[in-house]
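Derivation of every value follows stated rules applied to the coordinates shown; laboratory data play no part. Fair warning: this is a prediction, and the values are worked out from it, not measured in the lab. Positions of Cβ are generated from backbone atoms using ideal geometry, with glycine treated the same way; all protein chains shown enter the neighbour counts.
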Amino acid sequence: MKAGSYLQWLDGQPNDSIVYVSFGSRTALSKEQIRELRNGLERSGCRFLWAIKTTKVDKDEREDLQDLLGSSFLERTKKKGLVCKGWVEQEQVLAHPVIGGFVSHCGWNSVTEAAQFGVPILAWPLNGDQKLNAEVTEKAGLGVWMRYWGWLAENLVKGQEIGDQIVQLMQDKTLRVMAKKVKEEARKAYEVGGSSKKVLLEIIENL
């Protein structure tokens with residue numbers, strides 16, 4: 001895919017209609033979990049942009065999307081979904097008005113960017129400090145954390161469960177309002193300076 005073509009695709013979608021799925025540049029799901037996530041996205045019926053990664057950071061990715069996801073999936077979902085393999089400008093994606101939800105591993109950059117643009121998160125932390133970040137996300141009202149989905153890929157989360165949670169994420173009007181509130185509070189806090197973590201923690205304490 002040519003650089004920026006996913007942004008052109010987003011331009012043609014309805015506002016708040018796209019769930020963006022990304023686990024960052026340093027996290028790769030197992031092939032089995034990727035296929036369950038594929039099933040969940042299709043079951044949800046939601047429009048989606050999926051930035052997929054099959055290997056760890058700085059490793060060459062040779063797996064073909066058709067081999068990994070199946071050509072039939074790509075064909076069935078081509079009118080409402082786009083799968084990107086490679087680098088995506090995440091801030092530009094999250095800033096786009098068509099993005100209505102974010103399935104994320106909750107790396108700190110992802111959390112602060114979602115807060116900056118008021119995008120609700122379905123938190124799926126996998127390692128490092130991501131559990132803490134997921135808890136911060138939930139306490140702030142920016143998202144929901146599926147704790148029982150496990151840690152370090154200890155559970156294989158099935159497509160039906162993933163699909164159901166994506167639907168809830170995209171249809172939860174209360175969560176969307178709260179995410180917009182976090183966005184506004186973050187905007188005010190950034191104006192007076194401070195680190196991103198300090199700012200967001202201050203927002204949580206004041207909500």
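Please compare each pair in 139/181; 85/131; 85/181 to a cut-off of 22 Å on the Cα-Cα distance and tell me which ones are over it.
Working: 139/181 13 Å; 85/131 26 Å; 85/181 32 Å.
Where the Cα-Cα span goes over 22 Å, the pairs concerned are 85/131; 85/181.
Using a simple spin-label model with pseudo-atoms 7 Å out from Cα toward Cβ, residue 76 and residue 32 lie 2.1 nm apart.
Note on residue 135 and residue 9: the model spin-label points, each 7 Å out from Cα along the C-beta direction, lie 3.7 nm apart. Annotation: peptides 110-116, 134-140, ranked by per-residue average of other Cβ atoms within 10 Å with the highest first, follow the order 110-116, 134-140. For segment 109-165, the list of chymotrypsin sites (Phe, Trp or Tyr not before Pro) that fall in a loop by DSSP and count at most 15 other C-beta atoms within 10 angstrom reads 151. With a simple spin-label model that places each label point 7 Å from the Cα along the Cα-to-Cβ direction, the separation between residue 168 and residue 188 comes to 3.0 nm. Rounded to the nearest 0.05, the FRET efficiency derived from the C-beta distance between residue 92 and residue 177 at R0 = 30 Å is 0.80.
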